[in-house]
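The values are calculated or read from the model by the stated rules, or taken from the named source; none is laboratory data. Predicted model only: the values in this text are computed from it and were never measured. Don't worry about glycine lacking a Cβ; one is built from the backbone with ideal geometry, like all the others, and counts go over all protein chains shown. In case anyone asks, the SASA skips ligands and DNA or RNA and just uses the protein heavy atoms, side chains included. Shrake-Rupley method; radii C 1.70, N 1.55, O 1.52, S 1.80 Å.
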Amino acid sequence: MPDTHFYRYDDYDRTLLSERVEQFRDQVRRRLAGELTEEQFKPLRLTNGLYLQLHAYMLRIAIPYGTLSSRQLRKLAEIARKYDRGYGHFTTRQNLQLNWIKLEDAPDAIAALAEVDMHAIQTSGNVIRNTTADHFAGAAADEIEDPRVWCEIIRQWSTLHPEFSFLPRKFKIAITGSPNDRAAVRVHDVGLRLWRNPEGQVGFEVIVGGGLGRTPIIGKTIREFLPKDELLAYLEAVLRVYNRYGRRDNIYKARIKILVHEIGVEKMREEVEAEFVQNKDTSLRLDPQTIEAISSQFAPPALSHRSAVVGAVEALKLENRDFALWLKSNTAPHRMAGYRIVTASLKPAGAPPGDASSAQMEGVADIADAYSQGEVRVSHEQNLVLPHVAVEDLPAVYAALERLGFAEANVGKITDIIACPGLDYCALANARSIPVAQSISNHFASLAKQHDIGDLKIKISGCINACGHHHVGHIGILGVDKNGVELYQISLGGDVDFGKTSLGDIIGPAVGADRVVEAVDALVATYLERRDEGERFVDTYRRLGVEPFKERVYATV
Amino acid sequence: MPLYKEGSIAPIAADDQLAPLPLADWLKAPTQAVMLANTDVLDPLKNHMGRLKLIALQFPKYTDGRAYSQARLLRSRLGYRGELRATGDVLRDQLPFLLRCGFDSFESNQAGFGPALARARTLFSVVYQSSSDDRAPAALLRLKLRNATAEALAAD
Amino acid sequence: MAKNLSGDLTVVSANRLSDGVVVFLDDSGHWTRKLELAALARDKRAGEVLLERGKAEAFSVIDPFLVAVSEDDDGTIEPLSLREKIRVAGLTFQVIASEAVRYA
């Protein structure tokens, strides 16, 4: 098996994980024995990733910076089979959710995770959550620096942070190392963007107070350029200001975005900088050797020189139209010629978005071993990524993914839908998401049609908490409950591409579940009729405004 | 409420001489002991660090974590060395965090709190970040280990 | 099929502590997985009493609450809200089987 090309746990990391498992085992024991009330226990189980949903407990497993070895993916498959129902759901925050975990089994499941250096620490609760990164990190052609180095530094700093384990609300950080943001950094509590300043130094732009949910807000820059070694000193300043002044009187106003909104970004900057001045030059400053030691573990794999143009690939392109489409939509430029980044679509026609069976996970792990340096990524768009595939291996990878049902040539297309678990699983939801995604997916199943429609992102949330990121969907769909009936509110024009992050506008009254597909069809038809050459759906919408789309959707009511 | 300190599994008697006053009262006539609300600012205490022997910080609910930041600022920034007491909704599962933020006495009604306090420092032998205790984070230990290895190699 | 849809009919439900499964309070104060065995409160006051009883028996469950149900002529009860229907009947779509590599 190939060696991993990302952070490898040492004895310190493993000791902490195993001690954490034992602490949780004792907490579960005390809960089952009645020594802890549910109110006392809930924050403890949440910070170990354990939720209570409608029908069962759900375990949310962190996949730090979305990077997995094949060995880890196989272990996830095994845990899903042994402690759950043999499938899992990859989420928009680079986590894996298992939906049918028993409380009594949870410590064993978490101990099994620790065997492959994985955990569920701080995947829920009012704490610093799993830091997410560009899923193409370390492989993308447009990358300035690998953001995962910094995610790992943050992972360690934030894990069981004594001061920040009871924050006003959850706290999510994302990092991108590319000008083309694939980590949605402007809609996180803190977004970090690595960039090179005119002096040639690489540092962070620090963006604060973004988020979706009930009150969607695009984050604001509070620091144009932060030297990399001051990252933790700065984050600690942001978190301290938030912990002290963030609202705790109203759960819906407790995120940092509300604090920033209420006191203003100038005041926020002032408070953070005042705190930062005190933190600077303390032990929070990162030692160059520490940075180097972690960076070196993310050193890219030594890829042998491979041909960028391969006769067999060109031939198959002509012969197999689906393969040609797949090359276009599901592979992306690698930093090295002769290689591509392949996205395995977890969105086959009619399937619940982001779900994979244990057998499918093992299948992807096998492909990664054979063709992608044993490495897999999880994208925030709920797909899996094979980051280092040689061009000449593309036909074999395509065939292998096809056997798994993961070769649908739809990445970035209308059926590459993001959806939260919705009312089928979730105790917070008002309406179902997955069945809506399935009916849209079935309706637009034709690949030729999807590629004609082009890039179009549909994002579906089953309630206002917006786990399905509907605010930033080109087409956003939000499930609401009206007197016990599921209705769906449609918005247009959201986006998360860097520099263009925008929130969608609601087009009109919510429609019934049976009319969602029809409405999407009307939106697409309007676009197809009115688009200019080469224009994406969202660009046509921006040019024309809401009227023609709205008119068409409601014409048939 | 029963008061605990490390070194005793049973609750200990509170020192009646050190009854903490709410900040507003204390400011009128500073004594050796003050009780802060978790929204109080710390500046007024700045010049009294030598006088103060007890500062009590409050957890109105155990999920309200503001007092952790107050504790860290008192210990690490203002250099407070006296007793730092956690009061209110204080539960044993907070102890690893409380100890690391510099608390050293605890009022709690929870059964089993004393034995839990006795074990609290043994739960985690590794920490990842520096705080207001004197524990070295893993990154620092790794650095020392690397340097020691490099020195040993150089000496060979 | 006349249904009683007044919203006055309620049962008490909760999730079982050990594994999270959906349970209902029966007439003898035990928790059952079967809705048909649930104790039925026929008016608001009876519902309050039943909920109190559920809370008193909550050692092995989490957060008992009242669920509004309807009753058929033949005595079959069914939750009124979609959320509670899903809690009783399970997912409304087919999930992939553990050993399957493709969706049907």
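Just a few scattered comments:
- In the protein assembly as shown, a dipole from Cβ-located charges (positive for Lys and Arg, negative for Asp and Glu) runs towards its positive end, and of A:302, B:130, A:110 it is B:130 whose Cα lies farthest in that direction.
- Relative packing of B:137-144, B:13-20, which averages over residues the other C-beta atoms within 10 Å, highest first: B:137-144, B:13-20
- Derived scalar couplings ³J(HN,Hα) [segment A:47-59; Karplus, 6.51 cos²θ - 1.76 cosθ + 1.60; whole Hz; x for Gly, Pro]: 6, 10, x, 9, 9, 9, 9, 4, 10, 5, 7, 10, 9
- One Cα centroid belongs to segment A:519-555, the other to segment A:41-58; the line between them spans 42 Å.
- Take the Cβ atoms of residue A:546 and residue A:221, set R0 to 25 Å, and the FRET efficiency comes out at 0.30.
- C-alpha center-to-center spacing [segment A:188-233, segment B:53-105] in angstrom: 31
- Most mobile listed residue (C:73, C:26, C:43) in chain C, GNM with C-alpha springs under 10 Å: C:73
- Once the 1.4 Å probe is applied to the protein heavy atoms, the protein assembly as shown comes out at 38 Å² accessible per residue.
- Chain C shape via C-alpha gyration tensor axes, a/c threshold 1.5: oblate
- Apportionment of accessible area to carbon and sulfur, segment B:28-111, percent (1.4 Å): 48
- Relative contact order, percent, segment A:285-362 [alpha-carbon distance under 8 Å, six or more residues apart]: 19
- Solvent-accessible surface of protein heavy atoms, probed at 1.4 angstrom with all chains present, puts A:187, A:485 in the order A:485, A:187, largest first.
- Peptide B:69-79 is shielded by partner chain Cβ atoms: per residue, an average of 3 of them sit within 10 Å of its Cβ.
- Note on residue A:186: accessible area approximately 40 square angstrom, rounded to 10, probe 1.4 Å, nucleic acids and ligands left out.
- Average other protein chain Cβ within 10 Å of Cβ, residues A:91-100: 1
- Phi-derived couplings, Karplus 6.51 cos²θ - 1.76 cosθ + 1.60 at θ = phi - 60°, listed residue by residue for segment C:23-28: 9, 10, 7, 9, 5, 9 Hz, with x used for Gly and Pro.
- Restricting attention to segment A:407-541, the count of lysine pairs at 8 or more positions apart or across chains with alpha carbons under 23 Å apart stands at 9.
- Tensor-based shape of segment A:171-330 (alpha-carbon gyration tensor, a/c under 1.5 rounded, otherwise prolate or oblate): oblate
- Annotation for residue C:26 and residue C:72: the two label points, set 7 Å from Cα along the Cα-Cβ direction, are 2.1 nm apart.
- Under 19 Å from residue B:53, Cα to Cα: lysines that are on another chain or at least 8 residues apart: B:5, B:28
- The aspartates and glutamates whose alpha-carbon is closer than 13 Å to the alpha-carbon of residue A:317, local same-chain residues fewer than 8 away aside, are A:392.
- Given their separation in residues at 0.36 nm each and the Cα-Cα distance between them, residue A:500 and residue A:514 gain 1.8 nm when the chain is fully extended.
- Split chain C at each of the trypsin sites (Lys or Arg not before Pro) in a DSSP loop with at most 15 other beta carbon atoms within 10 Å, and the longest piece is C:43-101.
- Positive dipole terminus of chain B, leading residue within B:155, B:38, B:63 (C-beta point charges): B:155
- With DNA, RNA and ligands ignored, accessible area of residue B:122 (1.4 Å probe; Å², nearest 10): 100
- Calculated mean residue ellipticity at 222 nm for chain A: -11500 deg cm²/dmol, from DSSP H runs with n ≥ 4 weighted as -39500 (n - 2.57), summed, divided by the residue count and rounded to 500.
- Using a Förster distance of 41 Å, the FRET efficiency for residue A:249-residue B:133 (Cβ separation, nearest 0.05): 0.85
- Distance between the C-alpha centres of segment C:1-73 and segment A:363-417: 47 Å, rounded to the whole angstrom.
- Candidate lysines - alpha carbon under 16 Å from residue A:228, same-chain residues fewer than 8 apart omitted: A:280
- In terms of accessible area, using a 1.4 Å probe and ignoring ligands and nucleic acids, C:65, A:444, C:93 rank largest first as C:65, C:93, A:444.
- If you sort A:196, A:515 by accessible surface, 1.4 Å probe, largest first, the order is A:196, A:515.
- Cα shape, the protein assembly as shown, gyration tensor, a/c 1.5 rule: oblate
- Relative contact order of chain B, pairs being alpha-carbon contacts under 8 Å that are 6 or more residues apart, as %: 21
- Taking the protein assembly as shown as a whole, the Cys residues whose C-beta sits 4.7 Å or farther from every other Cys C-beta are A:151, A:426, A:463, B:101.
- Radius 12 Å from Cβ of residue A:357, net charge of other residues (Lys, Arg +1; Asp, Glu -1): -1
- Heavy atoms of residue A:505 accessible to a 1.4 Å probe, total area in Å² rounded to 10: 80
- Test item: C:85-93 mean partner chain Cβ contacts at 10 Å: 5
- Members of A:42/A:257; A:257/B:144; A:267/B:144; A:82/A:257 lying beyond 30 Å, as alpha-carbon distances in this model show: A:257/B:144; A:267/B:144; A:82/A:257
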